[in-house]
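None of the figures in this text is laboratory data; all of them are computed from the coordinates on show. Predicted, not measured: the structure shown is a model, and the values here were computed from it. Glycine also receives a Cβ, built like all others from the backbone with ideal geometry; neighbour counts cover every protein chain displayed.
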Amino acid sequence: MLVAPLRFKSVLLDEMDRVINAARLGRPASMILKNNSISDRDIILKLEEASCAGVRIDMIVRGICCVRAGVPGKTENLHIRSLVGRYLEHGRIYSFYDGVNTRIYIASGDFLTRNTECRVEVGVRVEDPVLKEKLDSILRLQLSDNVNAREMQPDGSYQKVKPAPGEPLVNSQMGMYDLLRDDWTARDKAPATASVVETPKPQPVKAPEKPAVPAKAVPQPVEPEKQPAQPEKAAPAPMPIVVTESRPRRTGLLSRLLEHFLK
């Protein structure tokens, strides 16, 4: 397993050195690198070294790219394209071919310095032959895209890839459906790995019958003794109503004057 910042970039550089040595021995060496961005100086210098050694390098870089393709004396064998379509390209696949064997890695990190030196990123080498073939098919499909692809020129600009006369249109993002359809249908049609054997349900065990118990005499309720009636208490006498003589109503000066004139 590749784990940044400990041994992520170092393993990838070692793989590039293995491919460079194969090219110097005259073997048909190549690399296909797909990621989002590249800015790591050490990796850029290693790509230039590989290009000068005769290694065919195809890069699929969607975003930031700090290396130029096709520069004479440095990157003549480096080809860079960007895929921008309906879906956001976000995979990282690194394939190294030394003329004999192909080693393919998948990883979470790009070739940015923040990924290779400053963050925790992981990557693994794919060993399963079926998965390796599937990943290689994905890379080949995206390298043949002539709908969403744009190729970098030596001056750093990008030119849209157009199909040649009579060449069919290849949309790699839509082609992924056809590429992976067999996997989906095979998964849906896969037979059950093991048949489930129904086990008989256990029958409930009957409890042994208990001997009949003779009926016990039911005790009769005992009526409580009647208490002698208590004499009724006499109602309290009503409170006497005391009538007090009311005081004469005091009238004001204005009322007295009105009474005087109205008489």
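Residue separation times 0.36 nm, minus the C-alpha to C-alpha distance between residue 103 and residue 76: what's the value?
Taking residue 103 through residue 76 to full extension adds about 7.4 nm, to one decimal.
Here are some pairs, 132/160; 9/132; 132/162; 34/160; which of them have Cα atoms lying more than 24 Å apart in this structure?
In this structure, 132/160; 132/162 exceed 24 Å between Cα atoms.
Give me the one-decimal nm value for the distance between modelled label points at residue 1 and residue 179, 7 Å along each residue's Cα-to-Cβ direction.
Between residue 1 and residue 179, the label points sit 2.7 nm apart.
Work out how much length residue 262 to residue 150 would gain on full extension: take 0.36 nm times their residue separation and subtract the Cα-Cα distance, in nm to one decimal.
28.5 nm
Want the number for residue 86 to residue 122: 0.36 nm per residue separation, take away the alpha-carbon distance, what's left?
10.2 nm
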